[in-house]
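To start, the structure under review is shown below, and the notes come after it.
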Amino acid sequence: VQLQASGGGLVQPGGSLRLSCAASRSIFSIYTMGWYRQAPGKERELVALRTSGGSTNYAESVKGRFTISGDNAQNTLYLQMNSLKPEDTAVYYCNAKLVYAGHNYWGQGTEVTVSS
């Protein structure tokens, strides 16, 4: 599985961005999909998860501001980010995981900078 992330950029505090992650084949009905981020000098952290059944889970720091969703027909995962803060600045990575099969795939990352 190949994952291609896009949509990052420079945005002012309070602004919005939508990240996309295109998968090379149909996996959303099987894999757990997620967005992670890594800020400079920090560990990579989970931002949001979407299970194969459509359930979602969010880091406390983004709850109420970010929304993860998937378009099964387009094999594309999204992360809608609203009310962005400077502390959201990071490289964002999409991930596809199928634990019982030992599958763990990463996209190449897309950079988000929140600054005035």
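Brief remarks follow.
- Odd one out for residue 77, checked against (1) touching a Phe, Trp or Tyr at 6+ places or on another chain (Cβ under 9 Å); (2) without any contact (Cβ under 8 Å) to a residue 24 or more places away in the chain; (3) not in a loop (DSSP other than H, G, I, E, B): (2)
- Qualifying positions in region 42-78 - at pLDDT 95 or above, among the small types (Gly, Ala, Ser) and either in contact with a helix residue (DSSP H, G or I) (Cβ under 8 Å, 6 or more places away or on another chain) or on the phi > 0 side of the Ramachandran plot (or both): 48, 61, 64
- Looking across region 80-94 at every residue that is free of Cβ contacts under 8 Å to residues at least 60 places away in the same chain and not in a strand (DSSP E or B), the one that is most open to solvent (accessible area, probe 1.4 Å) is identified as 87.
- Test result for residue 31, of a type in the set (Ser, Thr, Tyr) and touching a His at 6+ places or on another chain (Cβ under 8 Å): yes
- Scope region 52-64; condition surrounded by 14 or more Cβ atoms within 10 Å (Cβ to Cβ) and more than 13 Å from the chain's Cα centre (by Cα); matching residues: 52
- Looking at region 7-67, the strands (runs of 3 or more DSSP E) lying wholly inside it that each contain 1 or more residues that are among the aliphatic types (A, V, I, L, M) and farther than 16 Å from residue 86 by Cα sit at 17-23, 32-38, 45-50.
- Summed over region 1-27, residues that are more than 13 Å from residue 105 (Cβ to Cβ), open to solvent by less than 40 Å² (accessible area, probe 1.4 Å) and either in contact with a strand residue (DSSP E or B) (Cβ under 7 Å, 6 or more places away or on another chain) or without any contact (Cβ under 8 Å) to a residue 12 or more places away in the chain (or both) total 7.
- The set of residues in region 80-100 being under 18 Å from residue 24 (Cα atoms) and hydrophobic (A, V, I, L, M, F, W, C) consists of 94, 96, 98.
- Any hit, region 100-109, residues being closer than 19 Å to residue 43 by Cβ, open to solvent by 60 Å² or more (accessible area, probe 1.4 Å) and in contact (Cβ under 8 Å) with a residue 60 or more places away in the chain: yes
The values are calculated or read from the model by the stated rules, or taken from the named source; none is laboratory data. Not measured: the values here are computed from a predicted model. Heads up, the Cβs are rebuilt from the backbone with ideal geometry, glycines too, and the neighbour counts pull from every protein chain shown. Calculation scope for accessible area: heavy atoms of the full protein, side chains included, ligands and nucleic acids excluded. Shrake-Rupley method; radii C 1.70, N 1.55, O 1.52, S 1.80 Å.
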